[in-house]
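Accompanying notes for the structure given below.
The values are calculated or read from the model by the stated rules, or taken from the named source; none is laboratory data. These numbers come from a predicted model, not from an experiment. With ideal geometry, Cβ positions are generated from the backbone for all residues, glycine too; neighbour counts draw on all protein chains shown. Areas reflect the complete protein model, heavy atoms only, side chains present, ligands, DNA and RNA absent. Shrake-Rupley method; radii C 1.70, N 1.55, O 1.52, S 1.80 Å.
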Amino acid sequence: MAVVLRKVWGSVLSRSGSGSNRSWPEFPDDHPPLGDLDTLPTDVFMQILQLLEPRYAARSSLVCKSWKALVSDNVLWLHLLKSAKEPWDFLLFAETQLRYGPSLYFNHPSQLSFMNVYAQRATVPGSVIIDGGSGYCKYGWSKYASPSGRCATFLEFGNLESPMHARLRYFFSTIYSRMQVKASSQPIIVSLPICHTDDTEAARASRKQLREAIYSVLFDMNAPAVCAVDQAVLALYAARRTSGIVVNIGFHVTSIVPILRGKVMHDVGIEILGQGALRLTGFLRELMQQRSINFESLYTVRTIKEKLCYIAADYDAELRKNTQGSCEVAGEGWFTLSKERFQTGEILFQPHIGGVRTMGLHRAVALCMDHCLAAEVASDDRWFKTVVLAGGSACLPGLPERLEKELHKILSPSMSEGIKVIPPPFGADSAWYGANIISNVSTFANAWCISKKQFRQRFRRNMAW
């Protein structure tokens, strides 16, 4: 360690003259002799530590008690972690908000030892992350920066006439095979999509049954630990929030989900709109057919939607503009659209344009906010004024601004004050990234996962009721 410190000594000498307002802890008088390093002023020594990688700084705490006292300083570790590869804002969010699991939140970062947090995070095992999705599934390793593969969601995987357990087992076996990993070797995180067109008691019971089936199948496959979290909650975590309303434009339906401190507020009410990404793509197909634009498949239309479509800030004004745009689809050539570019997404706000009998997105979100206010579940009503968009179609340019504008129009000034609409933090993969944040929190194994034994005990307890 002394050799490492000497290597950066020359760099520090050039900086030491600039001075620092930071008051560092002092070397105790009784620390063991360390040769030339004893002559270093404390502030210079701390500047040297700031130039080290976190792992080397952590090792230096083992030299002696006096070094440990200096190295454990939180300000030093704030600097080291901000300079590390992992985004600092996500690490801070995870360790201050998610450290104690899905139902307890820790809001006092000053009470944390960030050196200990670093050491604990380094020992967290890699996990398999599966975002079940509603259109397609994303899977990958928790230590990777992005999903490594995609496939059909478990809701549509395999033979749909097969029993749920058989389909789930085939689904998970396929992903384990593609990732070349044994089920028994790593913990697994699974996102649970809202996969029903209503929020009735029957739908809630069905979701609970699906959750228990996932646990049962994975433990039968000898998974060491399982963490299952609602997809909407994960999308909220990806935006570094624990409370708010998640608008998830899924494959078949759009869900407006109120979440308070990481818990889906079913008692407040989830709004479900009967159109999603598939309907948007289908409507664009109809518009293209009306103009006799030829294409090979619905996949082509979806690609064009993703490349050219957007949400108009003012629909009537946009109709009077020249909005022509073109894009190339591999293997099929160039496509040119005009009004179709913004008419496609307009059915989110005016569903009747697309022949859909459902509520406009802005009205459904406003209704959800009214329910949140009336429920009085928190003393501060600002918790539901953050709206986080999720899903691939929620990435349409202009959607956050248009939704915020429409909400200000229909809500009272007191209700609309402070409303903020956040675009999908990681596009269509936001839920996967939310799971990635959980999987790397220092207390992941104990705070977020359940073991096979815990699941069996819980199942027997439920059966006894």
Inset, instruction - Give the residue, chosen from I450, I410, that is more than 18 Å from the chain's Cα centre (by Cα), in contact (Cβ under 8 Å) with a residue 24 or more places away in the chain, surrounded by fewer than 18 Cβ atoms within 10 Å (Cβ to Cβ) and not assigned by the TED database to the domain that holds G133. - result: I410
Legend entry - the range 135-148 - residue that is in a loop (DSSP other than H, G, I, E, B) and open to solvent by less than 30 Å² (accessible area, probe 1.4 Å) and, of those, nearest to M221 (Cα to Cα): S142
Legend entry - Qualifying residue in the range 232-248 (condition: open to solvent by less than 10 Å² (accessible area, probe 1.4 Å), in contact with an Asp or Glu (Cβ under 7 Å, 6 or more places away or on another chain) and either within 19 Å of A428 (Cβ to Cβ) or assigned to a loop (DSSP other than H, G, I, E, B) (or both)): no
Inset, instruction - For A428, state whether it is surrounded by 14 or more Cβ atoms within 10 Å (Cβ to Cβ) and closer than 20 Å to K138 by Cα. - result: yes
Inset, instruction - Might you check whether a residue that is acidic (D, E), farther than 19 Å from G355 by Cα and in the same structural domain as L396 (by the TED database) occurs anywhere in the range 272-287? - result: no
Legend entry - Hits in the range 253-300 - residues which are over 25 Å from Q350 (Cα atoms), of a type in the set (A, V, I, L, M) and touching an Asp or Glu at 6+ places or on another chain (Cβ under 9 Å): I259, V264
Inset, instruction - Looking only at the range 196-218, decide whether some residue is assigned to a loop (DSSP other than H, G, I, E, B), crowded, with 20+ Cβ neighbours inside 10 Å and modelled with pLDDT of 90 or more. - result: no
Legend entry - Flag for L337 being touching a Pro at 6+ places or on another chain (Cβ under 8 Å) and either closer than 25 Å to A239 by Cα or at pLDDT 95 or above (or both): no
Inset, instruction - Kindly indicate whether any position in the range 61-77 is under 19 Å from the mean Cα position of the chain (by Cα), of a type outside the set (A, V, I, L, M) and either surrounded by fewer than 17 Cβ atoms within 10 Å (Cβ to Cβ) or not in a helix (DSSP H, G or I) (or both). - result: no
Inset, instruction - Return the only residue of L389, L403 being open to solvent by less than 10 Å² (accessible area, probe 1.4 Å) and in a strand (DSSP E or B). - result: L389
Inset, instruction - Answer yes or no as to whether L337 is more than 25 Å from the chain's Cα centre (by Cα), more than 23 Å from F251 (Cα to Cα) and surrounded by 21 or more Cβ atoms within 10 Å (Cβ to Cβ). - result: yes
Legend entry - Pairs where the first residue, in the range 321-342, is in the same structural domain as E286 (by the TED database) and the second is among the charged types (D, E, K, R) and open to solvent by 80 Å² or more (accessible area, probe 1.4 Å), C-beta under 7 Å, 6+ apart: C327/K307; E332/E296; W334/E328
Legend entry - Single residue of the range 132-169 satisfying the filter (at pLDDT 80 or above and among the hydrophobic types (A, V, I, L, M, F, W, C)) that is nearest to A431 (Cα to Cα): C137
Inset, instruction - Scan the range 318-334 for residues that are under 18 Å from G398 (Cβ atoms) and open to solvent by less than 70 Å² (accessible area, probe 1.4 Å) and jot them down. - result: E318, L319, T323, G325, C327
Legend entry - Hey, I304 touching a residue at least 60 places away in the same chain (Cβ under 8 Å), surrounded by 20 or more Cβ atoms within 10 Å (Cβ to Cβ) and β-branched (V, I, T) or not: no
Legend entry - the range 413-425, residues that are outside any loop (DSSP other than H, G, I, E, B) and either of a type in the set (S, T, Y) or open to solvent by less than 70 Å² (accessible area, probe 1.4 Å) (or both): S414, M415, S416, V421, I422
